[in-house]
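Right, one structure below, let's go through it.
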Amino acid sequence: MLQPELDSPKKSLRILYADDMRELREVARIALTRDGHTVECVGDGQQALELLAANPDGYDLVITDHHMPHVNGIELVTQLREMPYHGKVLIFCSELSSAVNETYQRLKVDRILYKPVFPSELRQVLVDLFQPVSCST
């Protein structure tokens, strides 16, 4: 019996990933690139905002760490919501207080993932967020 392939979304995504930890950026970039996605990595939220301001339609997904210097995840998403960006937003974090979690929910982030985030988990989240739902009758 054939099983549907659920290991990657159907289309190649344009992803902006902001994290101050270079090693994590590199692991995510390698995993996502192997899956056929285009990934641009930056070291903080300020750099991400500059890229998004220059090209808000340039990304299907913004992944951001919560704890970063200069502009943290909440500040990044808050400013992102004031832009004409229509893509999805994914937060990576080590831990969040309930107040911070509620703030992210108010900002309508699409998903929060707790570190460590494994490539298989990230891949499944992308499938959940981007694979079209088909109705069978």
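Side notes on the structure shown:
- Members of region 97-133 that are of a type in the set (A, V, I, L, M, F, W, C), assigned to a loop (DSSP other than H, G, I, E, B) and either in contact with a strand residue (DSSP E or B) (Cβ under 7 Å, 6 or more places away or on another chain) or at pLDDT 95 or above (or both): L107, V109, V117
- Among the residues of region 23-75, just one is of a type in the set (S, T, N, Q), in contact with a Gly (Cβ under 7 Å, 6 or more places away or on another chain) and closer than 22 Å to S12 by Cα, namely T64.
- Qualifying residue in region 121-130 (condition: touching a helix residue (DSSP H, G or I) at 6+ places or on another chain (Cβ under 8 Å), free of Cβ contacts under 8 Å to residues at least 40 places away in the same chain and either under 15 Å from I15 (Cβ atoms) or not basic (K, R) (or both)): no
- Within region 43-78, the residues that satisfy the criterion of being touching a residue at least 40 places away in the same chain (Cβ under 8 Å), part of a loop (DSSP other than H, G, I, E, B) and either surrounded by 18 or more Cβ atoms within 10 Å (Cβ to Cβ) or not small (G, A, S) (or both) are Y59, D60, H67, M68, P69.
- Unmet criterion (only one of (1) within 23 Å of F130 (Cβ to Cβ); (2) in a loop (DSSP other than H, G, I, E, B)) for E40: (2)
- Whichever residue in region 1-19 is in a loop (DSSP other than H, G, I, E, B) and modelled with pLDDT of 95 or more and, among such residues, is surrounded by the fewest Cβ atoms within 10 Å (Cβ to Cβ): L13
Residue-wise test of (1) more than 20 Å from F130 (Cβ to Cβ); (2) of a type in the set (G, A, S).
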| position | (1), (2) |
| --- | --- |
| L24 | yes, no |
| A28 | no, yes |
| D35 | no, no |
| P56 | no, no |
| V77 | no, no |
| L80 | no, no |
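- Region 88-101 - residue that is closer than 17 Å to Y17 by Cβ and without any contact (Cβ under 8 Å) to a residue 40 or more places away in the chain and, of those, surrounded by the most Cβ atoms within 10 Å (Cβ to Cβ): I91
The values are calculated or read from the model by the stated rules, or taken from the named source; none is laboratory data. Bear in mind that the values here come from a model prediction, so they are computed numbers and not experimental data. Positions of Cβ are backbone-derived with ideal geometry, glycine not excepted, and every protein chain shown enters the neighbour counts.
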